[in-house]
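Chemist: Okay, handing you the structure first.
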Amino acid sequence: MDERQSLTLKISNPTTVGSGLLPEHVFTMAGGSIGTAENDTWKLSSHRTGAMAGHAEVRFIDGDFCLIDRSGCTYVNSASQPIGRGRRARLKSGDTITIGRYEIRAELVRGPQPGSSSMPEESDADHTLVNVEESRLVRGEGSELATDLMASKPEWFAAEGEVSDEYREHRDVAVGLPVRQGDQVSMSGQRPRKTRQKSDDHSRQHISGAPLLKGMESELDFADSDEMRLFLEEAGQTLKATVEGLLALHKGEDSRHQALRTRLQPIEDNPLRLGQSYEESIQTLFANQRSPVHLSAPAAVSESLESLRHHQVATSEAIREALDAILHAFSPEALLRRFHGYRRGLQQHEDEGRWAWDMYQHYYRELKSSRQQGFERLFQEVFEQAYDQHLRQLQRENLS
């Protein structure tokens, strides 16, 4: 039985895109285009939606409705990659199409073809009345009624003539052939297909920025696809600089303090701390087959930045305590007590102040000599103890 099919596309997030245009459209087997241009079959809003003129095309091919990506920015069912410019995807009921910020749901409707016969097919015995080779009706044997019906009168036969071209235009639009209108020949709404070279790279060059903006929780307006491409390139360069910077920080950490590595975790699950190269780290962060016990990319970057903040806070507190210890060691009272320990005996008529100043000069010269490392050792010991104490306290607070 012949059926006329239609495709209903309905915007499932009209409040998000804020479009005042039609929230849904029904495509017949003649197909049509979707986009922001005036001549698009279903016109969408171009105001901060990410949709483009001639964004996608609907066609009825081989008994199925297909969606052709004309912009390189059309997604189906939350795919991570677009369909690809010039490529098509077969639609079925329930599919979700993403065009910019539009989320569109597809529903297929099948119904009887107008004017089609609902009579059941004839039995095989009735088919014997048709002689395929001769293309003539054969008289029935032994039936008077059949004899009358199959009379060989000229007026019973259809006149020879050309098939009507009434539906040529709709048929040609569906298959993308030139449409004949009177004596003029015009092309259907399909854009000419260019030879695709390196189709995977071509698709990546035209990927939509909508998923990236969604992840950034921000909105940016782009005048055309070139501006979007530049934005995506800059975003990629920014991500590369961030990852390379964090890798450099982790690789350059002090071997004794391990400032960015001191963590209360039994395993190293941050891909940025594994000592890998940039290319290896990118694979570990974003590859589909990454380890199930590795942090996701956002979590890994957040943890590294949080560790850097803890390092800065702990370092500041440790420096303060180390300087306090040095100031206490060089206080007049502490030095005078130490100097009296050096004194072997009292001399008559000796000036106490003069003696203390002379002792300080001797003490200072000894402190600067190559034999001594007490100043650095004092600062280092106090710093390490204070740093470790404050860092672990911050980490415990972060885990609680």
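Chemist: For a quick check: sort 15, 74, 28 by the number of other beta carbons within 10 angstrom, fewest at the front. Don't skip to the end; give the middle numbers.
Modeler: Numbers: 15 7, 74 28, 28 15.
Going from least to most buried by this count: 15, 28, 74.
Chemist: Quick check for me: using +1 on Lys/Arg Cβ and -1 on Asp/Glu Cβ, what's the dipole size of segment 23-63 about its Cα centre, in debye to the nearest 20? Please list the in-between numbers first.
Modeler: Numbers: 3 positive and 5 negative charges, 28 e Å.
Taking the Cα centre of segment 23-63 as origin, the dipole is about 140 debye.
Chemist: For segment 269-351, what is the charge dipole size about the Cα centre, in debye to the nearest 20, if Lys and Arg each add +1 at the Cβ and Asp and Glu each add -1 at the Cβ?
Modeler: On the way: 8 positive and 11 negative charges, 59 e Å.
In debye, rounded to 20, segment 269-351 gives about 280.
Chemist: Mind giving me the nanometre distance, one decimal, between the label points for residue 365 and residue 380, set 7 Å out from Cα along Cα→Cβ?
Modeler: Inter-label distance under the simple model: 2.7 nm.
Chemist: For 43, 368, 10, 251, which order do you get if you count the other beta carbons within 10 Å of each Cβ and list the fewest first?
Modeler: With the fewest neighbours first, 43, 368, 10, 251 line up as 368, 251, 10, 43.
Chemist: Restrict the search to segment 336-378; then list the GluC sites (Glu not before Pro) that DSSP places in a loop and that have at most 12 other Cβ atoms within 10 Å of their Cβ. Numbers along the way, then the final one.
Modeler: Details: sites: 350, 352, 366, 376; in loops: 350.
Listed in order of number, the matching sites are 350.
Chemist: Moving on. Roughly how many debye, to the nearest 20, is the charge dipole of segment 304-399 about its Cα centre, given +1 on each Lys and Arg Cβ, -1 on each Asp and Glu Cβ, and no other charges?
Modeler: Values: 13 positive and 15 negative charges, 59 e Å.
Rounded to the nearest 20 debye, it is 280 debye.
Chemist: Based on other C-beta atoms within 10 Å, arrange 390, 349 from fewest to most.
Modeler: On the way: 390 19, 349 4.
Starting with the residue having the fewest Cβ neighbours, the order is 349, 390.
Chemist: Enumerate the whole-percent occupancy of each 10 Å bin, from 0 to the last occupied one, for all C-alpha pair distances of segment 3-112.
Modeler: Per 10 Å bin, starting at 0, the Cα pair percentages come out as 16, 53, 28, 3, 0.
Taken together, the values in this text are just the output of simple stated rules run on the coordinates, not laboratory data. Just so it is clear, the model here is predicted, and its values are computed rather than measured. Neighbour counts run over all protein chains shown; Cβ positions are idealised from the backbone, glycine included.
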